[in-house]
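Beneath this line is the structure, given in structure tokens, with notes to follow.
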Amino acid sequence: MNAITKFSLADVDLAMCRHWSGDLPYRAVVAVSIQPLQGTILYQVAGDASTPRSAIKALKLATEKYGGICFYCKKDKAEEVSIELTIDHIEPQSVGGDSNLTNLVVACKPCNAKKGHQLIDAFNPAATEEWLLALAKQIQQRFDKLKAATPPS
Ligand SMILES: [Zn+2]
């Protein structure tokens, strides 16, 4: 049996997600644990006490429960009930993009289809900047945590 240990970077992932869009589904997704052997981070959706899920499944459930905003065109499910929300890999899986929370966003179906297998840089430079700034912020937070945890020499 694999031991499930507490995933200490949960706050980092959440901070990054808040930065992306202030989108409710992201705030509703909480990292709960990491399976050390498989390296899989599991997430819990707020208000749902059932089994923790992979990032994709947790985001999907969160958008079903709470709606969401397209990362690319900013259309809001709360304002346009007819829009269909999907989960997009920012770096496409076809070029090695992973399924971690840092590589996933909520996107409306038309934007996800238009993006296809393109790199985000070519598809939407403004969204690329937003994503890179969020990654830079996450890296800075990890540096700060590391420095805070390291005793001065
Ligand atoms: Zn869209």
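Quick note: the coordinates plus some simple rules give every number you see, no bench work behind them. This structure is a prediction, so every number in the text was calculated from the model and none was measured. Counting neighbours? That spans all protein chains shown, and the Cβs are built from the backbone with ideal geometry, glycine included.
Structure notes:
- Here residue 40 and residue 118 are evaluated by their C-beta separation; at R0 = 30 Å the FRET efficiency comes out at 0.65.
- As a rough guide to protection, the peptides 85-97, 138-150 ranked by mean Cβ packing within 10 Å, highest first, stand as 85-97, 138-150.
- Rounded Å value of the spacing that divides the Cα centres of region 109-124 and region 38-95: 17
- Whole-number D in µm² s⁻¹ for region 95-153, Kirkwood Cα-pair radius fed into Stokes-Einstein, 25 °C, 0.890 mPa s: 178
- Electrostatic tally near residue 110: other residues with Cβ closer than 14 Å to its Cβ, Lys and Arg +1, Asp and Glu -1, net +3.
- Proximal charge balance of residue 56 [Cβ under 13 Å; K/R count +1, D/E count -1]: 0
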